[in-house]
Every structure is written in structure tokens, then in C-alpha cells.
Amino acid sequence: MKKRIYLILHCEAEGLAFRSKLTSEGRTAAQKLSDFLYDKDVDLIVSSPFIRACETAMHVSERLQLKMIKDIRLSEKVLCTENAEDWLTMVEKSFSDLDLTFPGGESSNEAMKRGVIALQDTLLHTGKSAAIITHSNLLILILKHFQKEFGYQHWKALTSPDVYTLEFLSEKPEICRMWN
């Protein structure tokens, strides 16, 4: 049986902190996203616990009249715990060397593993289609698990929100960008 995952980057937020909320543009985009998903047979919504992801998911769950499940494994990859002026270079390096870690951070492989396990668990609990709302770095790392060419340039090209579909007929899904 074919199953589909809508892998979604949260809508525009006020910042990157855990408690950062959606901007007014982000809330408008979340409404458009919920309209986009309305007729897609979504029967499960799973979100990162970060406020910006939950607010995005809440718009979708209200429109589809589905409960939202929070999953900490969908939290953004921790790049490092120190303020770094060269954070963009650090992100780029983390896509080239998946085992690279910075002070207090996790490697891309570690983040990818938890994200993929969350996606696999979602597949087990959905009948047809599920929406997963997460963050930019983790979204691209999940896609990279299935198609190695995903990386820094794809990360840079993301919009907020952004939507990729993963169609599973086997272990390796067909991936398609649906939003930009």
C-alpha cells in the first residue's frame, strides 16, 4: 500500500529560539498551507515541539479536524550551543561532513537518525498520508537519508513554509517538492 508523507518546514517565525512564534506573515502562510493540505487525505499530523512548528501544525490540525502529536525527535538539529558569527559556514560544513560536531552540538548523522526514525514511526501510524512539521536543517537531512544529493544548496533554497512529498511504495520514496 502506498503511503505519503508531507514533510513540511514550519512557516515564518520571529526567531530561532524554542519559544519563537510565527510572524503575521507566517500565520497567513499557515492558513494557506492548511488549505493546500485540505484535500490530501492527511490522517495524522506530527510536529516538532518548538512553538513555531506547533503553531504551523495547529492551523493544519484545526482545518483538517485532526489531533496534532508533538515529537521531540523532530526538533531542529543543534548546530552548537555557543553564539557563532560564522554559523552559515558551520551549516555548510555540517552537510559536507555528516559526523562533524561543534561545541555542544550534534552531528548531522545523529540528527538525521532521529528524524528518520520519527518519520518511520509516522509511517507505521498513518493509513494514507501524514503531515510532519519540522525545521530546515532536519528536513533536508531526512531527505538526504533517502537521496544523498540533498545538502546545503537545498537548505539555502528552502522557503517558509516549504513542502516535500515522500511517496513510499518501497523503502526508498519518490521525493517531490510541492511548495516554493
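Within the range 103-114, residues that are more than 8 Å from Lys77 (Cβ to Cβ) sit with their Cβ atoms under 7 Å from residues that are assigned to a helix (DSSP H, G or I) and modelled with pLDDT of 95 or more, at 6+ positions apart or across chains, in these pairs: Met112/Leu141; Met112/Ile142; Met112/Lys144; Met112/His145; Arg114/Arg73. For Gly151, are the conditions met, namely being farther than 25 Å from Gln31 by Cα, among the small types (Gly, Ala, Ser) and surrounded by 14 or more Cβ atoms within 10 Å (Cβ to Cβ)? Yes. The residues of the range 107-116 that are more than 14 Å from Val46 (Cα to Cα), of a type outside the set (Ser, Thr, Tyr) and open to solvent by less than 10 Å² (accessible area, probe 1.4 Å) amount to a single one, Ala111. Counting only strands (runs of 3 or more DSSP E) that fall entirely inside the range 69-180 and contain at least 3 residues that are in contact with a Ser or Thr (Cβ under 7 Å, 6 or more places away or on another chain), modelled with pLDDT of 95 or more and closer than 23 Å to Arg52 by Cβ, the qualifying elements are 129-134. When the test is whether a residue is more than 24 Å from Leu124 (Cβ to Cβ), aliphatic (A, V, I, L, M) and in a loop (DSSP other than H, G, I, E, B), Ala30 does not pass it.
Of all the criteria given as (1) surrounded by 15 or more Cβ atoms within 10 Å (Cβ to Cβ); (2) closer than 23 Å to Glu14 by Cα; (3) of a type in the set (Val, Ile, Thr), the one not satisfied by Thr81 is (1).
Identify, from the list Leu138, Leu124, Leu79, the residue that is free of Cβ contacts under 8 Å to residues at least 40 places away in the same chain, out of contact with any strand residue (DSSP E or B) (no Cβ under 9 Å at 6 or more places or on another chain) and aliphatic (A, V, I, L, M). On inspection, the qualifying residue turns out to be Leu124. Is there a residue being among the hydroxyl-bearing types (Ser, Thr, Tyr), crowded, with 16+ Cβ neighbours inside 10 Å, in contact with a Leu (Cβ under 6 Å, 6 or more places away or on another chain) and assigned to a loop (DSSP other than H, G, I, E, B) anywhere in the range 36-55? Within the range 36-55, one or more residues are among the hydroxyl-bearing types (Ser, Thr, Tyr), crowded, with 16+ Cβ neighbours inside 10 Å, in contact with a Leu (Cβ under 6 Å, 6 or more places away or on another chain) and assigned to a loop (DSSP other than H, G, I, E, B).
Scanning the range 19-27 for residues that are within 25 Å of Phe168 (Cβ to Cβ), in a helix (DSSP H, G or I) and more than 13 Å from the chain's Cα centre (by Cα) turns up nothing. Give Leu119, Leu139, Leu124 a once-over and let me know the one that is closer than 17 Å to Ser170 by Cβ and buried (at least 18 other Cβ atoms within 10 Å of the Cβ). Among Leu119, Leu139, Leu124, only Leu119 is closer than 17 Å to Ser170 by Cβ and buried (at least 18 other Cβ atoms within 10 Å of the Cβ). When Leu22, Leu64, Leu16 are checked against the criterion of being open to solvent by 20 Å² or more (accessible area, probe 1.4 Å) and more than 20 Å from Ala130 (Cα to Cα), Leu16 stands alone in meeting it.
The values are calculated or read from the model by the stated rules, or taken from the named source; none is laboratory data. Fair warning: this is a prediction, and the values are worked out from it, not measured in the lab. Counting neighbours? That spans all protein chains shown, and the Cβs are built from the backbone with ideal geometry, glycine included. Heavy atoms of the whole protein, side chains included, go into the accessibility calculation; ligands, DNA and RNA do not. Shrake-Rupley method; radii C 1.70, N 1.55, O 1.52, S 1.80 Å.
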